[in-house]
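Only the coordinates and a few stated rules stand behind these numbers; no lab work does. Note that the structure is predicted; figures quoted are calculated from it, not measured. Positions of Cβ are backbone-derived with ideal geometry, glycine not excepted, and every protein chain shown enters the neighbour counts.
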Amino acid sequence: MKKHHWALVSLLVNLLQAFLKFVAGLLTGSLSMIGEAVHSLSDSFASVVAFVTIKLSDKKTRRFPYGLYRLENLGSIIIAFFLLMTAYEMVRRALSGEVLVKEEYLGVGLGVVVFSLFSSLSLSFFERRAGKRLNSPTLVADSYHTLTDAVGSSLVLLSLLSVYFGYQLDRYFALGVAVIISYTALNILWREVSVLLDVSVDEKTLERVRQVLLSFPEVKEIKGLFMRSSGGKLFADLILVVEGRDFVRIHKLVDEIEEKLKEELKELDMVFIHYEPTCGNGYRIGVLVDEKGNVSKRFESARELLIFGDSPERLVSIPESEEALSELIRDKGVFVVVCGHHPFSSVAKGILSQGSVFVWETEEKNPYKALKEVVYNLCNVQDSDKKGEAYRPLSKP
């Protein structure tokens, strides 16, 4: 069954229990029984909330591109407030006056409470298992809500049995039911409010992600690992330092990492991977310069090629055509070429792509400032070079 089907089953069971308990409570005069009737009625409202939030939570629209998963968490919070209201009502009635159970209707009360106990335990077990399988926090919360109904029914059963043996203890069992309900409600509130505040996922899940990431030899460092849960789904933001200069291959690697993560974590809905390529030893950066000595706005207007790296060069006699200039850049082993714009020729673009040359577009006129822009942003050597840590070992955030 789907998630909303379980919510409907829970609704029907709770409505039936509420009706039977209310009738039995009126006949016996048992406060704990009437309290459990109110509890089951609140379960019914909670099941309605669960059904509505589950039906809406998976929908994604242009305005809500991440989906409405948090509606499930909000639904769980509403369920918790129903529990607290039930507990308050039971305490108020238990302390407000004398509570006596009528012995002539004791058999009816026992029959109702035994049926309620059995149905609540069965529903709680199957609903919780379905909630974990379907990654639905609302179903899991509703299953615990149903479990409190079973615990409450147990206390009502003990209360009626005490009357059978000549003791009127219904008031105290009603207080016990209220305590159990309150404890469950506060636990649900703590868990779901933490999710709404974007609390990080547990360390075990983070470690699983780290293991997947470091299983790729190209990943040299995990600079950022941020994960949160929302409505049974996981969302991740990653900052990785990857080895390589072929940006097509790096993009393919990032796709492979994303697929591997989603295989490992079935509940992972979205993952955003920001990567920083390492440049390695001997990288060469070229800057196309126009006749005024500024960074050339276009390939065809370039008059010089400045190459920085292990073997600096200044080429003043360079081809005018984009294709021939691209071949020169490729043959010189340039890693990144700086220009105001990519070449317009598709042939030139193909030559650069095949040579694993990345074109860095910039509006900066000063070629040396443009070089600094590339080094400090693309190659990510600002901190590592200053600290003498250009080749840091693998580390965890």
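Quick notes
- Segment TRP190..HIS341, full-extension length gain: 49.0 nm, with 0.36 nm per residue of separation and the alpha-carbon distance subtracted.
- For LYS223 and SER96, the difference between the fully extended length at 0.36 nm per residue and the C-alpha to C-alpha distance is 39.7 nm.
- Under-5 Å amide H pairs with TYR275, H placed in peptide plane, nonlocal only: LEU240
- Cα gyration tensor shape for the stretch 304-367, rounded if a/c is under 1.5, else prolate or oblate: rounded
- Between amide H atoms placed 1.01 Å from N, distances below 5 Å from ARG298 occur with GLY340, all of them 5 or more places distant or on a separate chain.
- Size descriptor, Kirkwood hydrodynamic radius, that averages inverse alpha-carbon separations across the stretch 203-278, Å: 12.5
- Per-residue packing, averaged as other Cβ atoms within 10 Å, sorts the ranges 120-129, 75-84, 259-268, 17-26 into the order 75-84, 17-26, 120-129, 259-268, beginning with the highest.
- Backbone N under 14 Å from the LYS369 label point (7 Å along Cα→Cβ), restricted to the stretch 293-312: 294-296
- Here the simple spin-label model places points 7 Å from the Cα toward Cβ, and for LEU8 and GLU259 these points are separated by 3.8 nm.
- The Cβ shell under 9 Å around GLU291 holds other residues with a net charge of 0, Lys and Arg each +1, Asp and Glu each -1.
- FRET efficiency estimate (nearest 0.05) - Cβ-Cβ, ARG208 to GLU361, R0 41 angstrom: 0.60
- Backbone HN-Hα couplings from phi across the stretch 158-168 [Karplus 6.51/-1.76/1.60, Hz, Gly and Pro as x]: 5, 5, 5, 5, 5, 5, 4, 8, x, 10, 9
- Other-chain or far-sequence residues with amide H under 5 Å of LYS102's (modelled H): GLY29, SER30
- The residues packed around VAL212, meaning those with a beta-carbon under 11 Å from its beta-carbon, carry a net charge of -2 if Lys and Arg are +1 and Asp and Glu are -1.
- Above-threshold pairs, the threshold being 23 Å between Cα atoms, out of LYS252/LYS297; LYS223/LYS262; LYS132/LYS233; LYS204/LYS252: LYS252/LYS297; LYS204/LYS252
- Sum of side-chain charges, PRO343 neighbourhood, beta-carbon under 9 Å (Lys, Arg +1; Asp, Glu -1): -1
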